[in-house]
1. Being free of Cβ contacts under 8 Å to residues at least 40 places away in the same chain and in a strand (DSSP E or B) is the filter; apply it to the range 116-130 and report the residue that is surrounded by the fewest Cβ atoms within 10 Å (Cβ to Cβ).
2. Farther than 25 Å from Arg179 by Cβ and of a type in the set (Gly, Ala, Ser): is that true of Ala295 in this structure?
3. Take the range 252-309 and flag every residue that is closer than 22 Å to Gln211 by Cα and β-branched (Val, Ile, Thr).
4. When you scan the range 260-277, do you find a residue that is loosely packed, with under 13 Cβ neighbours inside 10 Å and without any contact (Cβ under 8 Å) to a residue 40 or more places away in the chain, even just one?
5. Testing Val14 on (1) farther than 19 Å from Asp144 by Cα; (2) more than 14 Å from the chain's Cα centre (by Cα); (3) among the β-branched types (Val, Ile, Thr), one condition comes back false. Which one is that?
6. Please go through the range 291-309 and give me each residue that is of a type in the set (A, V, I, L, M, F, W, C) and open to solvent by 40 Å² or more (accessible area, probe 1.4 Å), ordered by number.
7. Restrict the check to the range 136-145 and report whether at least one residue is in a helix (DSSP H, G or I) and open to solvent by 60 Å² or more (accessible area, probe 1.4 Å).
Amino acid sequence: MGRANGEAGVSGAVAVGVFDGLHRGHRALLERARERAAGGRCVAVSFEPHPDIVLAREFRPLPPLTPLPEKRARLARMGIELDVLPFTRELAALEPETFVERHLVKPFAPDWLVVGEDFALGRGRSGNVPRLRAIGQGSGFQVDALPIEVALGAPVTSTRIRALLAEGRVAEAGELLGRPYGFTALVVGGDRVGRTLGFPTANLRLHDEQQVPAHGIYAVWVRIAGEPEWRMGAMSVGVRPTFGGGLRTLEVFLIDWAGDLYGRDLTVAFADWLRPEQVFAGAGALAAAMADDVAEVRRRLARAAPPPD
């Protein structure tokens with residue numbers, strides 16, 4: 001039923017949202033959009049930067065859960081295009097009818113608009129589901145509004161996932177995401193302290209701005225770029241207080257692996273929290289703690305499945 005006009009593509013379905021994290025709720029909505037597209041074009045319309053940053057009364061840095069390149073790649077694997085609108089106060093102030101015509105109907109001519117039941121867009125968030133349905137009657141699309149996904153006793157939201165990560169509760173965050181939280185980073189040069197302790201660690205630098213879990217030691221899965229296998233790892237996020245502290249570092253020790261990783265990409269998936277950062281009496285005590293950490297990682301991950309691809 002999609003509208004035909006000079007700029008419209010193949011009729012199908014459009015889903016609208018920030019989709020930060022691509023968590024279980026997002027994926028349920030996107031899967032529904034793909035079903036509604038019925039073989040036609042399926043598009044996820046998202047926003048950069050995050051609307052909360054633009055609309056906040058004062059600047060609040062909000063590192064994404066899924067940087068744009070990761071979001072685009074994950075959606076592509078689902079067979080969904082990503083269309084990113086630059087989010088501005090002017091965009092937020094548009095009347096819902098103007099927003100829909102300009103940014104949804106004209107470029108995509110969808111048969112279906114798929115959103116969450118609490119979704120709203122436009123001036124003062126006045127473009128709620130009833131109003132969008134009214135707009136759709138005159139613009140040739142229907143609206144499918146999905147209920148909020150619930151997990152671990154509460155709604156699944158990006159805000160809730162952020163809070164869990166900020167507390168180091170990566171296993172619970174993974175439950176809400178439907179996969180372990182993680183990132184891809186480049187192995188860079190370090191001061192080789194881990195090597196002197198018998199645990200040569202890879203020092204990581206993120207490719208894109210992204211939220212990092214709380215300081216502490218974690219059991220993680222690690223995959224070296226270009227290799228299919230996930231390996232066990234012990235991950236440190238923090239300031240290395242035993243050696244005087246300083247800037248935050250990201251270091252990972254790959255268990256049962258030896259070689260040079262410098263200049264290669266590693267994908268890290270957080271499986272579980274082990275312990276907080278601690279100040280040890282010296283290098284010997286730290287090395288003993290690292291040995292205990294590695295043993296604990298083996299124990300926990302031996303009964304866990306590696307992340308899905």
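1. At the first step, the residues of the range 116-130 found to be free of Cβ contacts under 8 Å to residues at least 40 places away in the same chain are 117-118, 120, 122-130.
Still in the running and in a strand (DSSP E or B): 120, 127-128.
Numbers: Ala120: 15, Gly127: 24, Asn128: 17.
Only one residue fits best here, namely Ala120.
2. Against the criterion (farther than 25 Å from Arg179 by Cβ and of a type in the set (Gly, Ala, Ser)), Ala295 qualifies.
3. Correct list: Val252, Thr267, Val268.
4. Restricting attention to the range 260-277, the residues satisfying the condition of being loosely packed, with under 13 Cβ neighbours inside 10 Å are 260, 262-263, 276.
Those still in the list that are without any contact (Cβ under 8 Å) to a residue 40 or more places away in the chain too: 260.
The answer is yes, given that some residue of the range 260-277 is loosely packed, with under 13 Cβ neighbours inside 10 Å and without any contact (Cβ under 8 Å) to a residue 40 or more places away in the chain.
5. (1)
6. Pass one, the range 291-309, residues of a type in the set (A, V, I, L, M, F, W, C): 291, 294-295, 297, 301-302, 304-305.
Selection gives Ala291, Ala295, Ala302, Ala304, Ala305.
7. We begin by selecting, within the range 136-145, every residue in a helix (DSSP H, G or I); these are 136-139.
If we keep only those that are open to solvent by 60 Å² or more (accessible area, probe 1.4 Å) too, we end up with 137-138.
Checking the range 136-145: at least one residue is in a helix (DSSP H, G or I) and open to solvent by 60 Å² or more (accessible area, probe 1.4 Å).
Let's see how each residue does on (1) within 15 Å of the chain's Cα centre (by Cα); (2) without any contact (Cβ under 8 Å) to a residue 60 or more places away in the chain:
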| position | (1), (2) |
| --- | --- |
| Leu29 | no, no |
| Ala33 | no, no |
| Ser46 | yes, yes |
| Glu58 | no, yes |
| Pro61 | no, yes |
| Glu70 | yes, no |
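The values are calculated or read from the model by the stated rules, or taken from the named source; none is laboratory data. Here the structure is a predicted model, which means the values were calculated and not measured. Cβ atoms come from the backbone with ideal geometry, glycine included; neighbour counts cover every protein chain shown. When the accessible area is computed, the model is the full protein with side chains, heavy atoms only, and any ligands, DNA or RNA have been set aside. Shrake-Rupley method; radii C 1.70, N 1.55, O 1.52, S 1.80 Å.
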